[in-house]
Amino acid sequence: MFRAQAETGETRSTVMKELAPQLRHYEEFEDGWAAVVRDYLPESSLEVSNLEPIPPRALEDIPTSSRGVARRELCFGDLRKPNIMLCTRSLPDGGTEQGAVLVDFDWTGKHDFDRYPLVLNNIIKWLPGIRARGPMLKEHDDAMFELLTRSSYNL
């Protein structure tokens, strides 16, 4: 469950439907909290899988997902390996390939309007410009994606 933000809640819900695992249930409560139930992903996150290099299709899926967020003037906000889940995709020829979906949309917000949380984990090496209560910018998502493609950097 998460505390729904009135300003971006409806847009965030729409983005999650398109870019995350299959939505099974979404319910907002009178006190501003919401419950979200999604498909279980048996695969693991990029962080846990420790795949180097990241599979090509997964890399293609990540910017597709983050661009889908950006298309709506939103920032994903936390494009790190723990928030990217690997998934197996079926191919027309009967084979499979390793893809990816985004999870953890609670930071998703409007570009240059919404802010990062009041407290950020100080163990994580955040990019310049990403700071507690700082403005969320699409450029941050782009820079974090570029770091994901560098195997020597752990987000």
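Taking each residue of the range 73-87 that is closer than 17 Å to Arg150 by Cβ and in contact (Cβ under 8 Å) with a residue 60 or more places away in the chain and looking for partners that are assigned to a strand (DSSP E or B) and acidic (Asp, Glu) with beta-carbon atoms closer than 9 Å, six or more apart or interchain, yields nothing.
Listed conditions (1) at pLDDT 70 or above; (2) under 16 Å from the mean Cα position of the chain (by Cα); (3) under 26 Å from Lys110 (Cβ atoms); (4) surrounded by 12 or more Cβ atoms within 10 Å (Cβ to Cβ) are all met by Gln22, apart from (4).
Among (1) surrounded by fewer than 14 Cβ atoms within 10 Å (Cβ to Cβ); (2) aliphatic (A, V, I, L, M); (3) under 21 Å from Leu23 (Cβ atoms), there is one condition Leu118 misses while meeting the rest; what is its number? Here Leu118 clears every test but (3). Beta carbons closer than 8 Å, at least 6 apart along the sequence or on distinct chains, pair a first residue in the range 121-140 that is surrounded by 13 or more Cβ atoms within 10 Å (Cβ to Cβ) with a second that is of a type in the set (Lys, Arg) and not in a loop (DSSP other than H, G, I, E, B) for Gly134/Arg115; Pro135/Arg115; Met136/Lys110; Met136/Arg115.
Yes or no: Pro82 open to solvent by 20 Å² or more (accessible area, probe 1.4 Å), modelled with pLDDT of 85 or more and touching a strand residue (DSSP E or B) at 6+ places or on another chain (Cβ under 7 Å)? Yes: the conditions hold for Pro82.
Being in contact with a Pro (Cβ under 9 Å, 6 or more places away or on another chain), within 21 Å of Ile54 (Cβ to Cβ) and open to solvent by 70 Å² or more (accessible area, probe 1.4 Å) is true for just one of Thr88, Thr96. Which residue is that? Just a single option satisfies the conditions, and that option is Thr88. Give the residues of the range 54-69 that are modelled with pLDDT of 80 or more, open to solvent by 20 Å² or more (accessible area, probe 1.4 Å) and either touching a helix residue (DSSP H, G or I) at 6+ places or on another chain (Cβ under 9 Å) or farther than 18 Å from Gln98 by Cα (or both), sorted by residue number. Correct list: Leu59 only.
Counting only residues that are in a strand (DSSP E or B), within 18 Å of Glu73 (Cα to Cα) and under 15 Å from the mean Cα position of the chain (by Cα), the range 98-144 holds 3 of them.
The values are calculated or read from the model by the stated rules, or taken from the named source; none is laboratory data. From a predicted model like this one, the values you see are computed outputs, not experimental measurements. Reconstructed Cβ throughout: ideal geometry from the backbone, glycine too, with neighbour counts over all protein chains shown. Just the protein is used for accessible areas: all its heavy atoms, side chains included, with ligands, DNA and RNA removed. Shrake-Rupley method; radii C 1.70, N 1.55, O 1.52, S 1.80 Å.
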